[in-house]
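Structure first, commentary second.
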């Protein structure tokens, strides 16, 4: 108890606490420690590395400020998790600090008696007396908690009286939000009555207690019997939660008494601004929009280099980090991308190419050429046409219709020679602009939006791979599987950061019949495997010339798997898609030298539903230097320092790894052709 870590937060007197919620996670109170990038630098308050994304196991002590510049303990959340960024937990509520509601205690105002100095605000402390006080109040008898005897006593008193049961259910489910604990009440009600009101309450119970599909089935039946406004709102909220925003808005539009939204703590006017408009509602009258033609120097922008993928010549897209077909429209799009990057200074990670509108409204199959999104808030939408296509008429109407769903602040329509640029004002009217603002200028006009966070950009030094850090990575990060042996974890983390550290280039490396010619950096992508699964996350992407002179696109990353082990995923482009052709289970393939911190990485040649011997024989016939002791020898990893491409043996390691992946692809293609003959 003496060493208990207490994190102090001092709040204003009118703050509200989650007093009754036993079913989920307690929602935190916004705090001044949140910085202007919408994140918390946890290293300022806790003894952790600067890039740490969460800390756990602390007791958060919420205090209310008094007129005497002191603070009185009002709420305690034990065994809490503190995040550096907003996460969505219970009921889709964003929070920075979370704790189980069973470990959270709100002190009634008439019992608040423990004062602390307000200078302790946002401090991590140890205080024996305060810890003892917390133990004293951490009992339901002292703090405001849900009295579970209400249910048993209420059921006994109500008997088979449906009116009394309904009142009991409304108190437990609606007022005190004890969704799961209301189960015995609603089940007894449904046994006694099948009227509309009872079935409506049962559908609500199902919706909030983990069976939304069955709930929606009941909602639909009830709606067919009596199209009440409450039902329309419930169904609209369900569709909104599923991301089907157009369908949600269509239901909200049918609500006759808009004041009913207040019963759900909703503002109808705000909903109409935040959700896309129904497709048959015209938001813009295209004929009345002012067209101001602007020249932007897109034609002066250098096109990206070309690569050959599977024999086809393609542009190497600087954002998607992959080859894309060379077409007249793609030429314009690539010049616009270059303009956004160079002239508007838009950071590459905020640009999305061929952005699916399903990201904004599920079920929408359309795609926008280019979008710029900041903290998931759309900032700019771009529609590109080839040089000889006029942009007035259908192209402008297309862009405006896209923005019904995307709701971006800025719009750009161009054919490379002329452009229309618009800013959407507070009245939802497109205002023509004479120039495209820079990224910083657009951000200022957007209001409080801030750049999205970067998950893996600051490297952890190998000296920081302590047992605590390894435990944290296993529990919270994606680089380590939960069952990976602790003695291998430091070198696996080092290898993972070798691929995620883009402060150096992995290129101009020859060996094993291949040449790594271009490092495309880190790109967030999805990689499929033969079992139908996928790996989604950040990969290091490389362009390689194989022994036949063909360009190949490969990518590499380390993943902890749900099965508990850790794999090095090596993918290669096949028919325009990245496919994993080598998954090295590092738990089994790494071996430590007895007298040094050097680890040897090999692979036994195993492939899905294929003979490992066939792999080894094929590699031996093409590139025998890869084979040692009937295994593929990939290299030695020196874990004494951070692995970089300049580290001893790492260029040879990359040459061997790249060559092996390409040979596995070749063998797979060869076997497929032989099977079809």
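Bear in mind these aren't lab numbers, they're just calculated from the coordinates by the rules spelled out. Everything quoted here is computed from the prediction, not taken from an experiment. Glycine gets a Cβ as well: all are built from the backbone with ideal geometry, and neighbour counts include every protein chain shown.
Work out, step by step, the length gained on full extension between residue 642 and residue 377: first 0.36 nm times the residue separation, then minus their alpha carbon distance; give nm to one decimal.
91.8 nm
Please work out the FRET efficiency for the pair residue 579 and residue 367, using the Cβ-Cβ distance as r and a Förster radius of 30 Å; give the result to the nearest 0.05.
It comes out at approximately 0.85.
Per the helix-only calculation at 222 nm, which mean residue ellipticity applies to the chain, given -39500 (n - 2.57) for every DSSP H run of n ≥ 4 and division by its residues, nearest 500 deg cm²/dmol?
-9000 deg cm²/dmol
May I ask for log10 I(q)/I(0) of the stretch 286-446 at q = 0.09, 0.15, 0.17 Å⁻¹, from a Debye sum over the Cα atoms as equal point scatterers with solvent left out?
With no solvent term, the Cα-only Debye profile gives -0.28, -0.79, -1.03.
Under a point spin-label approximation (7 Å from Cα along Cα-to-Cβ), what is the residue 194-residue 303 distance to one decimal in nm?
7.0
Describe numerically, in nm with one decimal, the distance between label points set 7 Å from Cα along Cα→Cβ at residue 260 and at residue 43.
Placing both labels 7 Å along Cα→Cβ, they lie 5.4 nm apart.
Restricting the calculation to Cα positions, tell me the Rg (one decimal) and the Dmax (whole number) of the chain in Å.
Over the chain's Cα set, Rg and Dmax evaluate to 29.8, 88 Å.
Mind checking the log10 I(q)/I(0) for the stretch 150-274 at q = 0.18, 0.19, 0.20 Å⁻¹? Debye, one equal scatterer per Cα, no solvent, two decimals.
-0.98, -1.07, -1.15
Give me the distance in nm between label points sitting 7 Å out from Cα along the Cα-to-Cβ direction at residue 669 and residue 112, one decimal.
7.1
For a protection proxy built on the mean count of beta-carbon atoms within 10 angstrom, sort 219-232, 552-565 highest first, please.
Highest mean packing first, the order is 552-565, 219-232.
How much length, in nm to one decimal, is gained on full extension between residue 312 and residue 508, taken as 0.36 nm per residue of separation minus their Cα-Cα distance?
68.3 nm
For an R0 of 25 angstrom, estimate the FRET efficiency from the Cβ-Cβ distance between residue 129 and residue 79 and round to the nearest 0.05.
0.75
I'd like to compare 162-172, 388-398: which one has the highest average count of other Cβ atoms within 10 Å, and what's the full order after that?
Output ranking for 162-172, 388-398: 162-172, 388-398.
Is the stretch 462-675 best put as rounded, prolate or oblate by its Cα gyration tensor, with a ≥ b ≥ c the root eigenvalues, rounded for a/c under 1.5, and otherwise prolate when a/b is larger than b/c, oblate when not?
rounded
How much length would be gained if the chain were fully extended between residue 652 and residue 526, taking 0.36 nm per residue of separation minus their Cα-Cα distance, in nm to one decimal?
Computed gain between residue 652 and residue 526 is 42.6 nm.
Residue 435 to residue 548: FRET efficiency via 1/(1 + (r/R0)^6), r the Cβ-Cβ distance, R0 51 Å, to the nearest 0.05?
About 0.60, to the nearest 0.05.
Quick one: order 469, 428, 573 by neighbouring beta-carbon count within 10 Å, fewest to most.
Ordered from fewest to most neighbouring Cβ atoms within 10 Å, 469, 428, 573 come out as 428, 469, 573.
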